[in-house]
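Worksheet for the structure shown next.
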Amino acid sequence: MNRFISTMAVLAVTPSALAQIVIDGTAEKAYGAALAVQNVQTNFGNANLGQIDYANGSEIDGLFARVEGGILYIVIAGNVESNFNKLDVFLDTREGGQNRLRGNNPNVSFDGLNRMGDSGTGNGLTFDECFTADFYFTTTCGGAPFATYANIAQLLTEGGGTGDYIGSGGSGTNILNSEPYGVQVGYNNSNAAGVDGGTGAADGSGVRTGVEVALPLSLIGVDPISPQNIKICAFINGTGHDFASNQFMAGLGPNTANLGDPRAINLTAVAGNQYAVVEIVPGQPDCPSTNDCPADIDGDGVVGGTDLTGLLAAWGTNAADLDGDGTTAGTDLTVLLASWGTCQ
Ligand SMILES: [Ca+2]
Ligand SMILES: [Ca+2]
Ligand SMILES: [Ca+2]
Ligand SMILES: [Ca+2]
């Protein structure tokens with residue numbers, strides 16, 4: 001109950017703060033500190049033009065995000081090279097979704113989403129253990145005059161779903177504004193700092209310009225009654241969504257070159273979590289517990305003598321607190337005895 005109330009407070013509109021975010025490709029102060037910072041040089045070229053529109057390299061230096069007034073605001077700081085490199089963003093916003101990208105997702109960005117998914121052989125981009133993608137956003141830029149483009153898609157547990165091309169825009173305050181979906185996209189490609197070119201250790205901190213996106217929570221699948229923290233995995237990809245860079249958020253770590261074919265990527269094999277967490281429910285664990293047999297203290301699938309020993313050893317502490325009252329006592333012993341036997 002308390003979780004529900006505190007969650008609604010977080011999601012409530014705060015008019016005084018609303019005015020502080022403008023979709024323009026820059027993370028204003030209202031975003032606060034970066035949720036993740038790049039830790040490896042870019043293998044997709046170091047942008048150094050310093051122009052608000054055209055960039056001659058791609059990098060992700062950091063990720064900022066904020067939820068306000070029913071909107072998720074994200075700034076992916078860095079550059080998107082104006083040669084139609086892709087910025088691919090996956091959101092885990094609720095139960096279900098895809099830990100490994102399927103091959104039957106909506107046809108968006110010239111079927112580029114499915115280019116990353118299962119080709120029929122059981123491959124497909126695999127996210128970290130507790131990341132199940134529910135929503136996809138992608139943007140790209142280039143051409144003359146300079147233009148930006150974006151697509152969105154649902155990622156349902158069994159595939160299918162809907163997706164759409166949502167329009168084009170420019171740089172600065174000349175934003176992409178998709179009124180039907182309430183999505184806005186702003187670019188400021190002027191960063192010439194952040195990480196350099198290469199594959200070595202780097203620090204992307206300090207960059208606050210890049211791609212800024214506004215996504216309604218209702219669009220991306222956040223449950224208004226029982227929301228969960230939003231996880232964001234973003235990376236730079238090749239023109240056809242067919243060659244992943246080494247610019248992921250959160251970072252892949254030093255001494256990592258471009259990952260190449262997205263279908264072959266398995267992020268569980270890369271140390272750390274390649275996602276950032278937007279806290280909606282303070283204290284919520286990244287990986288919700290799947291243990292529905294709490295009295296199985298030693299995790300062997302059976303509630304038995306070893307669990308009883310464990311509970312008695314934890315007596316008076318919170319180490320085997322099964323009923324959630326903060327201590328291990330007789331009521332916990334009652335719970336354990338009531339679930340004696342094989343976990344169901
Ligand atoms: Ca902004
Ligand atoms: Ca999910
Ligand atoms: Ca740079
Ligand atoms: Ca990982």
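Miscellaneous remarks
- In region 213-240, the residues that are closer than 17 Å to residue 136 by Cβ reach residues that are among the acidic types (Asp, Glu) and part of a loop (DSSP other than H, G, I, E, B) with C-beta atoms within less than 6 angstrom, at least six apart or across chains, in these pairs: 221/134.
- Some residue of region 65-78 being in contact (Cβ under 8 Å) with a residue 60 or more places away in the chain and within 16 Å of ligand 4 (Cβ to nearest atom): no
- Filtered residues of region 73-116 (kept if of a type in the set (A, V, I, L, M, F, W, C) and assigned to a loop (DSSP other than H, G, I, E, B)): 80, 101, 108, 110, 116
- Of everything in region 199-236 that is surrounded by fewer than 20 Cβ atoms within 10 Å (Cβ to Cβ) and within 20 Å of residue 256 (Cα to Cα), the residue that is nearest to ligand 2 (Cβ to nearest atom) is 205.
- In region 275-282 there is at least one residue that is assigned to a loop (DSSP other than H, G, I, E, B), under 21 Å from residue 228 (Cβ atoms) and touching a Cys at 6+ places or on another chain (Cβ under 6 Å).
- Among the criteria (1) in contact with a His (Cβ under 8 Å, 6 or more places away or on another chain); (2) not in a loop (DSSP other than H, G, I, E, B), the one residue 150 does not fulfil is (1).
- Of residues in region 118-149 being free of Cβ contacts under 8 Å to residues at least 40 places away in the same chain and crowded, with 20+ Cβ neighbours inside 10 Å, the one farthest from ligand 1 (Cβ to nearest atom): 149
- Among the residues of region 159-176, the ones that are farther than 22 Å from residue 51 by Cα and without any contact (Cβ under 8 Å) to a residue 12 or more places away in the chain come to 0 in all.
- Inclusion of residue 280 among residues that are under 19 Å from the mean Cα position of the chain (by Cα) and more than 30 Å from residue 45 (Cβ to Cβ) is warranted.
- Region 210-233, subset in contact with an Asp or Glu (Cβ under 9 Å, 6 or more places away or on another chain), part of a strand (DSSP E or B) and of a type in the set (Val, Ile, Thr), residue farthest from ligand 1 (Cβ to nearest atom): 230
- Restricting region 155-193 to residues that are small (Gly, Ala, Ser) and under 22 Å from the mean Cα position of the chain (by Cα), the residue that is nearest to residue 82 (Cα to Cα) is 186.
- Criterion: under 21 Å from the mean Cα position of the chain (by Cα), away from ligand 4 (no atom under 16 Å from the Cβ) and within 28 Å of residue 257 (Cα to Cα) - qualifying residue of 118, 196: 118
- Verdict on residue 281 being touching an Asp or Glu at 6+ places or on another chain (Cβ under 6 Å) and either at pLDDT below 95 or of a type in the set (Gly, Ala, Ser) (or both): no
- The single residue among 191, 177 that is assigned by TED's automatic domain parsing to the domain that holds residue 36 and either away from ligand 1 (no atom under 16 Å from the Cβ) or not in a loop (DSSP other than H, G, I, E, B) (or both) turns out to be 177.
The values are calculated or read from the model by the stated rules, or taken from the named source; none is laboratory data. This one's a predicted model, so the numbers in the text were calculated from it and none came from an experiment. Neighbour counts are summed over all protein chains in view; Cβ atoms, including those assigned to glycine, are modelled from backbone coordinates with ideal geometry.
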